[in-house]
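Before any comments, here is the structure.
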Amino acid sequence: MRRLLVLAAAASLVAVACGGGTASPSPAETEGPGPSASPGETASTGWDPTAISGPAILSGWRSSPEEGEALTQALLGFPAQYPNIQVDYRPIAGDYRTVMITKISSGEVPDLFYVNAEYAQEWIDQGFLAPLDDYIAKSGFDTGQFFDGYASIFRGKDGKTYGFPKDGNTIAMAYNSTIVTSPPKTMDELVSAATALVGQSGLAAPICLNPGLDRGLAFLYAQGGSLVSDDGATEQISTDASRAAVQWYLDLFKNGIGKTAADLGSGWCGEALGKGQVAIAFEGGWVDPYMASTFPDIKYGWAEMPTGSSGSPVTISYTVSYSIGADSVNKDQAFVLLTYLAGKDGMEKWTAGGVALPSRRDVPIPAGKEVLAKGSDYARPGSGFMPGYVDVQKAFQDAFTAQIQGKTYDAGPVVDATRAAIDKALSQ
Amino acid sequence: MAAPTARARSSIRLERRSEAIAAYALIAVPMILFLVLNIGSIFYALFISLWKWNVRSGPVDFKGLENYGTLLGDPIFLRAIQNSVYYTLVWVPLTMVIGLSLAVIVNQKIRGRTFFRAAFYFPAIASSAAITILWIFIVSPDGLFNTVRGAMGLNPLFELFGFGPNKNWIGDQDTALNSVIILNAWTTSGTFMLFYLASLQSIGNQVYEAAAIDGATAWQTFRHVTLPLLRPGHYFVATVAVIGALQLFDQAAIAGGIAGDPNNALMTMVLYLYNAAFSRFDFGYAAAVGIALFVVIFGATLVQRRLFGQAPSW
């Protein structure tokens, strides 16, 4: 038995030694500046991205043909700057998260890949992602241009950075401009305008609302509520302000002002807006390509989230990072590609067509995205800002759905269920 | 007749031994695959379930039976068991009855028998994902079902049960699971029809002739001749159905998403396992769910053996 264990250990060492032979040295492993600095070299650290050569496997999902085209355009500019790195783009079809977990499990991780903010904290905590701080210090990459609402999600509890936001999106109010001629600016105006539309011919409901925190969190914040304290240490959903905010959101359903997309017979609120079932929906920039291709005749506009009792403009944002895997083989090449795609030039090419908003301040705002981009300045993360957020979301949505479908519209059980989930998440 | 000589006996033994070696060699490959991939996986899952398990680096902390304790205290897991058991108790008998009825019909010498056999079986060969999406459209608030019942003037009847004219059948926590049961009864009854058809055709004509001579009516013949003789068929169909029912995943995931919406109405044991592994990345816990599911299915199969007797030898 002992001989078997020794043999297995020896075999493992041989495998590790052979496997390591193809890996690029990480910054920690590389020595200081070489004998001659090339044009792209950072003089003080010896980091010269133009001198790095080899392949870099890039993976992510592709939500639409427009996204595929935008990424192709962005990648076309890469070889001109870094001719020695060969990008091998391998999009993942189907359930991205599940496929990636199998790749992480088997150690066959792409060099650079998407990480949704929704599960970024879990992936950081479980050690799936490589910290980028050494690379940032070595390369001098300016991370100050990223909006903090996007970038903060990809920082771990250890304060290290595990990815750069590849883009962003904020939630705003999309309204049918034929029906709503003057978009409401406050929540009170929203309720008044929607109440006037109840029963209007052709409308199944004035507003399409989401029964979960996906959109409900923006309303919770706008009405002065919150889930956790600013330092993330304690729950805040059971405060009077949060309870009142949840009740206010429930009352939109109770008073017939809002309906869920499912109850309208639509897959999501953008579809309900396009079908003319509702006059108002709270969505992000992904509505634009969908409406252009599916409902080109519907006239709609964008307005910022109405201001609630909190008194200040509030919205939530969603983002995805480019991250390098802890087991990625070509980390140097991946970081060069990362700084290009999440840098000014790459992001400008990626967002120019309007598939998403830039997550950097120095990238021009695509035409027609001004309202949504305005929210980037003050948006709070819509996911990934606390551990175990998936369970918190589920607890809120399950309890909220039970209140709507049971026609009881009581915030109490929703708050209690959410509080229990938050407490459990914070204690782990 | 003369007894075989010692030499002849030795030759027979050698021949039998070489036949046995050939037989073992032939089954060795599938048996090894079965032992490693099926039985081995069960023991590996059992091992993982005792640990806090990191997907990338393997075992982190030994937790003993803690994952199992957490499991039994989780209301969503208990809801998943409740849903799976309800689904099994309703869907299995319903689909068996429909499958048997269809089999009896297409076993008659009726015109267009081949067409009906193909037509009844057709939903079973359609893609599960495609047919579930089709079903979602049919039972959506402005879908075919609500439109047809409205056109037929049946809405007052539905109102008596509290179902409004634009009822969201699959999005409502009270009707979602029953909607999936009806969907799967429709799509799977064709397969069960085939199983029953094979069993029906194995029953000899002489027993029906004897029943006819005794003056048995059609119902008496079915009740006292056909049904008892179908016992091996019942055992097979019920076993396959219960295992399939307890493993419900794809239709529930497509109809309600992986969160089992609305409000866990479509949360099944396998969906719960999937969530533990791929939403929470807690593989130790997910393995514990898998072992629990194994125990439930194994127990259910043993109960069926008690109900239907020993497994028949086909």
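When region A:370-400 is limited to residues that are assigned to a loop (DSSP other than H, G, I, E, B) and surrounded by 22 or more Cβ atoms within 10 Å (Cβ to Cβ), the one that is farthest from the other protein chains (Cβ to nearest Cβ) turns out to be A:379.
Do we have residue A:272 as within 14 Å of chain B (Cβ to nearest Cβ), surrounded by 17 or more Cβ atoms within 10 Å (Cβ to Cβ) and either within 24 Å of residue A:168 (Cβ to Cβ) or among the aliphatic types (A, V, I, L, M) (or both) here? So residue A:272 fits the description; yes. Taking the listed residues A:72, A:50, the one that is touching a residue at least 24 places away in the same chain (Cβ under 8 Å) and assigned by TED's automatic domain parsing to the domain that holds residue A:345 is A:50, with no other qualifying.
Would you confirm, using the coordinates I've provided, whether residue B:129 is within 14 Å of chain A (Cβ to nearest Cβ), closer than 29 Å to residue B:170 by Cα and among the small types (Gly, Ala, Ser)? When the stated conditions are applied, residue B:129 passes them. Number of residues in region B:280-301 that are surrounded by fewer than 19 Cβ atoms within 10 Å (Cβ to Cβ) and either basic (Lys, Arg) or within 11 Å of another protein chain (Cβ to nearest Cβ) (or both): the value is 1. All of (1) touching a residue at least 40 places away in the same chain (Cβ under 8 Å); (2) surrounded by fewer than 23 Cβ atoms within 10 Å (Cβ to Cβ) hold for residue A:236 with one exception: (1).
Residues are listed down the side, and each one gets a yes or a no for (1) outside any helix (DSSP H, G or I); (2) under 27 Å from residue B:58 (Cβ atoms); (3) in contact with a helix residue (DSSP H, G or I) (Cβ under 9 Å, 6 or more places away or on another chain):
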residue: B:238; (1), (2), (3): no, no, yes
residue: B:263; (1), (2), (3): yes, no, yes
residue: B:288; (1), (2), (3): no, yes, yes
residue: B:293; (1), (2), (3): no, yes, yes
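Only residues that are assigned to a helix (DSSP H, G or I) and crowded, with 19+ Cβ neighbours inside 10 Å were counted in region A:179-193, giving 4. The set of residues in region A:104-135 being charged (D, E, K, R) and away from every other protein chain (no Cβ under 14 Å) consists of A:111, A:133, A:134. Beta carbons closer than 6 Å, at least 6 apart along the sequence or on distinct chains, pair a first residue in region B:203-229 that is closer than 18 Å to residue B:97 by Cα with a second that is of a type in the set (A, V, I, L, M) for B:221/B:211; B:225/B:207; B:225/B:211; B:229/B:203. Does region A:240-254 contain any residue that is out of contact with any Ser or Thr (no Cβ under 6 Å at 6 or more places or on another chain), modelled with pLDDT of 95 or more and not in a helix (DSSP H, G or I)? No, there is no match, as no residue in region A:240-254 is out of contact with any Ser or Thr (no Cβ under 6 Å at 6 or more places or on another chain), modelled with pLDDT of 95 or more and not in a helix (DSSP H, G or I). Residues of region A:255-267 that are within 14 Å of another protein chain (Cβ to nearest Cβ), assigned to a loop (DSSP other than H, G, I, E, B) and either surrounded by 23 or more Cβ atoms within 10 Å (Cβ to Cβ) or more than 24 Å from the chain's Cα centre (by Cα) (or both): A:256, A:260, A:265, A:266. Taken over region B:235-269, the criterion of being without any contact (Cβ under 8 Å) to a residue 24 or more places away in the chain and either closer than 19 Å to residue B:187 by Cβ or more than 12 Å from chain A (Cβ to nearest Cβ) (or both) is satisfied by B:253 alone. For region B:108-115, does any single residue satisfy the condition of being modelled with pLDDT under 95 and either of a type in the set (Ser, Thr, Tyr) or within 25 Å of the chain's Cα centre (by Cα) (or both)? Yes, there is a match, as at least one residue in region B:108-115 is modelled with pLDDT under 95 and either of a type in the set (Ser, Thr, Tyr) or within 25 Å of the chain's Cα centre (by Cα) (or both).
Check whether at least one residue in region A:148-156 is assigned to a helix (DSSP H, G or I), in contact with a strand residue (DSSP E or B) (Cβ under 8 Å, 6 or more places away or on another chain), surrounded by fewer than 22 Cβ atoms within 10 Å (Cβ to Cβ) and in the same structural domain as residue A:95 (by TED's automatic domain parsing), and report yes or no. Within region A:148-156, one or more residues are assigned to a helix (DSSP H, G or I), in contact with a strand residue (DSSP E or B) (Cβ under 8 Å, 6 or more places away or on another chain), surrounded by fewer than 22 Cβ atoms within 10 Å (Cβ to Cβ) and in the same structural domain as residue A:95 (by TED's automatic domain parsing). The residue list B:158, B:163, B:137 contains one member that is touching a helix residue (DSSP H, G or I) at 6+ places or on another chain (Cβ under 8 Å), more than 12 Å from chain A (Cβ to nearest Cβ) and of a type outside the set (S, T, N, Q), which is B:158. When the residues of region A:401-428 are filtered to those that are more than 22 Å from residue A:222 (Cβ to Cβ) and assigned to a loop (DSSP other than H, G, I, E, B), the one that is nearest to the chain's Cα centre (by Cα) is A:428. In region B:166-189, the residue that is farthest from the other protein chains (Cβ to nearest Cβ) out of those that are among the polar types (S, T, N, Q) and over 16 Å from residue A:266 (Cα atoms) is B:189.
Yes/no per residue for (1) within 14 Å of chain B (Cβ to nearest Cβ); (2) free of Cβ contacts under 8 Å to residues at least 12 places away in the same chain; (3) hydroxyl-bearing (Ser, Thr, Tyr); (4) assigned to a loop (DSSP other than H, G, I, E, B):
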{"residue": "A:58", "(1), (2), (3), (4)": "no, no, no, no"}
{"residue": "A:63", "(1), (2), (3), (4)": "no, no, yes, yes"}
{"residue": "A:67", "(1), (2), (3), (4)": "no, no, no, no"}
{"residue": "A:88", "(1), (2), (3), (4)": "no, no, no, no"}
{"residue": "A:91", "(1), (2), (3), (4)": "no, no, no, yes"}
{"residue": "A:94", "(1), (2), (3), (4)": "yes, yes, no, yes"}
{"residue": "A:102", "(1), (2), (3), (4)": "yes, yes, yes, no"}
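The values are calculated or read from the model by the stated rules, or taken from the named source; none is laboratory data. Keep in mind that this is a model prediction, so the values were computed, not measured. Virtual Cβ from ideal backbone geometry, glycine too; neighbours counted across all protein chains shown.
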